[in-house]
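What follows is a set of notes on a single structure, which appears directly below.
The values are calculated or read from the model by the stated rules, or taken from the named source; none is laboratory data. The shown structure was predicted, so the numbers you read here are calculated from the model rather than taken from an experiment. Ideal geometry is used to build each Cβ from the backbone, glycine not excepted, and the neighbour counts take in all protein chains shown. The accessibility values were calculated without ligands, DNA or RNA, using every heavy atom of the protein model including side chains. Shrake-Rupley method; radii C 1.70, N 1.55, O 1.52, S 1.80 Å.
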Amino acid sequence: VQLQASGGGLVQAGDSLKVSCTVSGRTFRTLHMGWFRQAPGKEREFVAAIRTDRNTRYLDSVKGRFTISRDNAKNTVYLQMDSLKSEDSGAYYCAGGSRVILSALASASAYDYWGQGTQVTVSS
């Protein structure tokens, strides 16, 4: 299974950015998907997740600004990020798993597959 993340870049505070993650080698619709991020010197943290039934969960600090969605026909999960802040900067990783229970959506260890990360830098 391969996860390919893309769409990162350098933006200014207040701007929007949409990152994508395309999955191959596994039936995408059977995977629960998540986005995590990691800033230099910090631990990887959960950002958002979407289950196969399209239930979603978000990190409190991104609620109302970020939207996760999925397109099963394109084997792709998206993270639309609006009103970006400097503290949103980091490498964004997509993750997938077939056995991610609702209570574990924010846990990195619950996911089986990981993408390579795409860098998001927000300048203030």
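Determine the share of the chain's accessible area contributed by carbon and sulfur atoms, expressed in whole percent, with a 1.4 angstrom probe.
With neighbouring chains kept in place, the figure for the chain is 44 percent.
Among the DSSP beta bridges whose two residues both lie in the chain, what percent are antiparallel, rounded to the nearest 5?
90 percent
Label points 7 Å out from Cα along the Cβ direction at Gln80 and Glu43: separation in nm?
Placing both labels 7 Å beyond Cα along the Cβ direction yields 3.2 nm.
Looking at Ser124, Ser20, Met33, which one has the Cα that reaches farthest to the positive end of the dipole of the chain (charges on Cβ: Lys, Arg +1; Asp, Glu -1)?
Positive-most Cα among the choices belongs to Met33.
What does the extension gain come out to for Thr27 and Gln119, with contour length at 0.36 nm per residue minus their alpha carbon separation?
Between Thr27 and Gln119, full extension yields an extra 30.5 nm.
For the range 2-124, give the magnitude of the charge dipole about the Cα centre (Cβ charges: +1 Lys/Arg, -1 Asp/Glu; no others), in debye to the nearest 20.
340 debye
List the lysines whose alpha-carbon lies under 20 Å from that of Lys42, not counting same-chain residues fewer than 8 positions away?
Reachable lysines: Lys85.
Classify the chain: rounded, prolate or oblate, from the alpha-carbon gyration tensor (a ≥ b ≥ c, eigenvalue square roots; a/c under 1.5 rounded; otherwise prolate if a/b is larger than b/c)?
Because a/c hits 1.5 or more and a/b exceeds b/c, the chain counts as prolate.
Are there GluC sites (Glu not before Pro) in the range 1-108 that DSSP puts in a loop and that have at most 10 other Cβ atoms within 10 Å, and which ones?
Glu43
Whole number in Å², please: accessible area per residue of the chain, 1.4 Å probe, ligands, DNA and RNA not counted.
Result: 50 Å² per residue.
Given 0.36 nm per residue, what is the gain on full extension from Asp71 to Asp112 after removing their alpha carbon distance, in nm?
That pair, Asp71 and Asp112, stretches by 12.8 nm at full extension.
Check the straight Cα-Cα distances from Lys63 and name the aspartates and glutamates below 13 Å, setting aside those fewer than 8 residues away within the same chain.
Asp82, Asp88
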